[in-house]
Amino acid sequence: MRILAGCLFTVLFAGAYNSTFAQTTLSAIQGKIQVENAAPADAATVVLLNSRDSSVVRSTISDRSGLFIFNNLNNGSYLVYITKLKYNKTYSGPYQAIAGKNVDVGVITLKPGVNQLNEVAITGKKDFVEVKADKTVLNVDQNIMASGASLYDVLSTAPGVKVTSDDILYRGGQKALIAINGKPILLTGDELANFLKNYQSSNISQIELIDNPSAKYEATAGGGMINIILKKNKDLGSSASVSQSAAYGDKYKLNTGFNYSLRTEKLSVFASLNFTNNKIPHTISTQRNIYTGSEVDNFDLNYKADVKSYNYSFNLGADYQLTPRQTIGFLINGYDNHSDINKWNTTNIATNNHPDSSINTISTIDRNIYNFNYNLNYKANLGKSGKSVLSADVDYSDYHRKSAEDLQNDFFNAAGQVDNQPVFYHDNSPSHIKVRSENIDFSQVLSKTSSLEAGIKNSEVNSNNMIDFEQKTDTGNMPVPSLTDHFVYTERINAAYVKFNGKFNKTGLSIALRAEQTNSSIRSTNPNSQSDSTYFNLFPDIQLTQELDKNNQLTLFYVRNIKRPNYQDLNPFVSYIDQFNYSTGNPFLKPAYINTLQLSDLYLNKYKVSLSAIVTDNYFYTIFEQNDSTKAYIVTQKNIGTRYQFIAEFNIPIEITHWWQINADFKAFHEQYNYSIDSVAKKSTNGITLNLNQSFKLTKKLTAQVDGNYESPSYFAISQYKTLYYVSAGLRYSILKNNGSIRLTASDIFNSDMNQYHTNYTNLDLTARDKVGSRFLQATFTYRFGNSAVKAHANKDSSEELKRLGGSSNEN
């Protein structure tokens, strides 16, 4: 009801402004276009220009009778600019628009042109990676490897981005804020990972990697912001595309997708529907030693899982121009996923390398997840000058998970013979997470070189989780009280921010302050406990830009952020494998605070060098704990201390020849961990990472791509990691008059994309190897069709003064 009331308020609010502005925009300009024989010129492009500076006001297309009209115009002087294939460009005017009067420009005759077809055929091609002062832009359609891939897969190969099992890391290896069209995704952790895995790259136009997002976004953007820009029709008319892909290698992947977009003078609609059918393997092996006097107990674990999933995902959005100064829009996306997970686990136990016993575990999981996300947004330019902008958003996310598991433990002695009766377990673990937020933002141009922004936001989370754990016996199922629980987490964050932007000659200054009040509550029935927490934080953000000369632009910023635990990180439920191996959440996990100082230089608008220093207090990460008496091995999250990072990063595009281009992202770093446990000595490490994207234009229709990634051996959190590298390659061939394409890709050619590490943290002596299926040979067919008619007019919602102050498309 509260969500419905909020949406209704926004609609009524938009209507009120519509009524207000309509009183001042009652004039119109209309006319007729014909060709040299007096025949009507249908489908001619008609653009209305401001006669003062020739800026585009709006555009339209003449109808079958050659008629056109521009309604709801402000008082002023206008020009009419007309283009049509095979005819000369024509200007007419100026015409004076007066409130309450219609201006008829009469008949405008077009003259035949020469070689107009050649002019229209000129097109441009974007690079896959575009480096800018405030962000890096990835043009997804130019990435051959993105075909048939999920958003999760695409991000895992993006320069500077590292994907873990439940987090997306960017700036400084910190957790990034993920947004779609500038609207933050409300999910975290496993829920966010599931969303990204079920969102297909065929829906995506661009990915923006933003080092320092605006203060209007949550202070949780400690790792910067990754903004996903969906495909929309930028031209008037409609367009659509279909795609089909199939992959075979480490099991299989199948994907079918459809995209559609429509744009008229006032309405923009975009939609997509995708179906995927995947089967992906996952293997883990660990060797663990426990020292007791002269004895060494050896626990070797071999885990294998096949995850088979069927998924339907969709995306639907629209923007409608209520008046020339008001826009209302909505965005709905979601997925329905069914997964069958089969797991096999063997724990071999030995003493001083002499076999003692073993435990085999077989598990089957039947899991259903569906998630729907809703956004309603409104934007208005207040006043005739357009220097005041008001925007509002209402967001709601509804996440459901139903999961049932059957688990069997079989016990064997040193000779491999059955020892004791098998144990059977069954558990149900439903989860329901609701997240909603409302925000209002306002910006005011103060002068030609300065502006002020401010806003408020409220967000609320309710995470309701249950687990019923039972042991199967001959007489029925018996509850296991120690593994049964009901966990509820609620959180409310009230936030406000203010930001000043200014430019003084060649120096730009941005000063922002964000305040957040957090109230959270944790309730668990086993044990029966409740914990409430309230904290208030200020997050300053200061940025300076300096144009040294026409070739160099320096940017220096300091920002403070917060990293809150994912909802499920706080959940104390036990994920059981056998009596020696399980994982659990930590309800006492505290938020981490991140302080970042970064200096960067953009040279020739293409080469970028960045130096960063990052300090993270209360740093938390997934760690391993061991009970030497019970021999149990536990995976959980804990605050482990303070993390220091010093990073140098180089973004370098290289053009070897006109047909061979390279984008290189090179990073060198030094890190140090000061642990909060006195018995653990601080650790430091040095390392490098290299991401190479090579593109080859072999013929007019055939292109190739080779991607390589390398990470040197380095220490991270509590483990020493081995070298990581992997190589992928692909071909794309254009067909059907360039409206279609066939892509053939090979991912992780050497099957080397895996984590290998050793841990000597506290009482642990553990070596592990973790590999998710990543080597596939994939073929993808894509076909685009539609009747796009004319380039759309420039968006004039924001004043030119505001644009010059360095706004980013993350404000979408």
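The values are calculated or read from the model by the stated rules, or taken from the named source; none is laboratory data. The structure presented is a predicted model; accordingly, all values stated were derived computationally and were not measured. With ideal geometry, Cβ positions are generated from the backbone for all residues, glycine too; neighbour counts draw on all protein chains shown. In case anyone asks, the SASA skips ligands and DNA or RNA and just uses the protein heavy atoms, side chains included. Shrake-Rupley method; radii C 1.70, N 1.55, O 1.52, S 1.80 Å.
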- What is the number of the single condition among (1) at pLDDT 90 or above; (2) surrounded by 15 or more Cβ atoms within 10 Å (Cβ to Cβ); (3) assigned to a loop (DSSP other than H, G, I, E, B) that SER788 does not meet? (1)
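Among the residues of segment 288-300, is any at positive phi and open to solvent by 50 Å² or more (accessible area, probe 1.4 Å)?
As a first pass, look at segment 288-300 and keep what is at positive phi: 293.
Filter once more, keeping what is open to solvent by 50 Å² or more (accessible area, probe 1.4 Å): 293.
For segment 288-300, residues at positive phi and open to solvent by 50 Å² or more (accessible area, probe 1.4 Å): present.
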- Note on the structure: Scanning segment 343-363 for residues that are open to solvent by 60 Å² or more (accessible area, probe 1.4 Å) and out of contact with any Phe, Trp or Tyr (no Cβ under 8 Å at 6 or more places or on another chain) gives ASN352, ASN353, HIS354, PRO355, ASP356
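Among the strands (runs of 3 or more DSSP E) lying completely within segment 513-631, list those that include at least 2 residues that are open to solvent by 50 Å² or more (accessible area, probe 1.4 Å), charged (D, E, K, R) and in contact (Cβ under 8 Å) with a residue 12 or more places away in the chain. Outline the logic, then answer.
Details: elements: 528-549, 552-563, 574-578, 581-584, 592-603, 607-627.
In segment 513-631, the matching strands (runs of 3 or more DSSP E) lie at 528-549, 607-627.
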- Query: Picking from TYR644, TYR673, which residue would you name as being under 21 Å from LEU766 (Cα atoms), surrounded by 15 or more Cβ atoms within 10 Å (Cβ to Cβ) and aromatic (Phe, Trp, Tyr)?
  - Reply: TYR673
- So which pairs qualify, if the first residue must be in segment 169-190 and without any contact (Cβ under 8 Å) to a residue 24 or more places away in the chain and open to solvent by less than 30 Å² (accessible area, probe 1.4 Å), the second must be not in a strand (DSSP E or B) and not basic (Lys, Arg), the Cβ gap must be under 7 Å, and the two must be at least 6 apart or on different chains? none
- Restricting segment 95-108 to residues that are closer than 23 Å to ASP63 by Cβ and surrounded by fewer than 17 Cβ atoms within 10 Å (Cβ to Cβ), the residue that is modelled with the lowest pLDDT: LYS101
- Query: What is the one condition in (1) of a type in the set (Phe, Trp, Tyr); (2) touching a Leu at 6+ places or on another chain (Cβ under 7 Å); (3) buried (at least 19 other Cβ atoms within 10 Å of the Cβ) that PHE442 does not satisfy?
  - Reply: (3)
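When only residues in segment 396-436 that are among the β-branched types (Val, Ile, Thr) and either at pLDDT 95 or above or surrounded by 15 or more Cβ atoms within 10 Å (Cβ to Cβ) (or both) count, which is farthest from LEU187 (Cα to Cα)? First the steps, then the outcome.
Taking segment 396-436 first, the residues among the β-branched types (Val, Ile, Thr) are 418, 423, 433, 435.
The next check asks that each one be either at pLDDT 95 or above or surrounded by 15 or more Cβ atoms within 10 Å (Cβ to Cβ) (or both); those that pass are 423, 433, 435.
Numbers: VAL423: 36, ILE433: 9, VAL435: 8 Å.
Only one residue fits best here, namely VAL423.
Scan segment 43-94 for residues that are basic (Lys, Arg) and crowded, with 17+ Cβ neighbours inside 10 Å and report the count. Walk me through how you get there before you give the answer.
Keep residues of segment 43-94 that are basic (Lys, Arg), which gives 52, 58, 64, 84, 86, 89.
Retained after the next criterion (residues that are crowded, with 17+ Cβ neighbours inside 10 Å): 58, 84.
So the answer is 2.
On the basis of being among the small types (Gly, Ala, Ser), in contact with an Asp or Glu (Cβ under 8 Å, 6 or more places away or on another chain) and surrounded by 16 or more Cβ atoms within 10 Å (Cβ to Cβ), does SER447 make the cut? Spell out the reasoning first.
Working: among the small types (Gly, Ala, Ser): yes; in contact with an Asp or Glu (Cβ under 8 Å, 6 or more places away or on another chain): yes; surrounded by 16 or more Cβ atoms within 10 Å (Cβ to Cβ): no.
No.
For residues that are under 25 Å from SER437 (Cβ atoms) and crowded, with 20+ Cβ neighbours inside 10 Å, scanning just segment 483-492, find the one that is nearest to the chain's Cα centre (by Cα).
Filtering segment 483-492 for residues that are under 25 Å from SER437 (Cβ atoms) and crowded, with 20+ Cβ neighbours inside 10 Å, the one nearest to the chain's Cα centre (by Cα) comes out as TYR489.
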- Per the filter on segment 371-403, residues of a type in the set (Ser, Thr, Tyr) and part of a strand (DSSP E or B) are TYR374, TYR378, SER388, SER391, TYR396, SER397, TYR399, SER403
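Modelled with pLDDT under 95 and in a strand (DSSP E or B): does that describe LYS472? Steps first, answer last, please.
Details: modelled with pLDDT under 95: yes; in a strand (DSSP E or B): yes.
Answer is yes for this residue.
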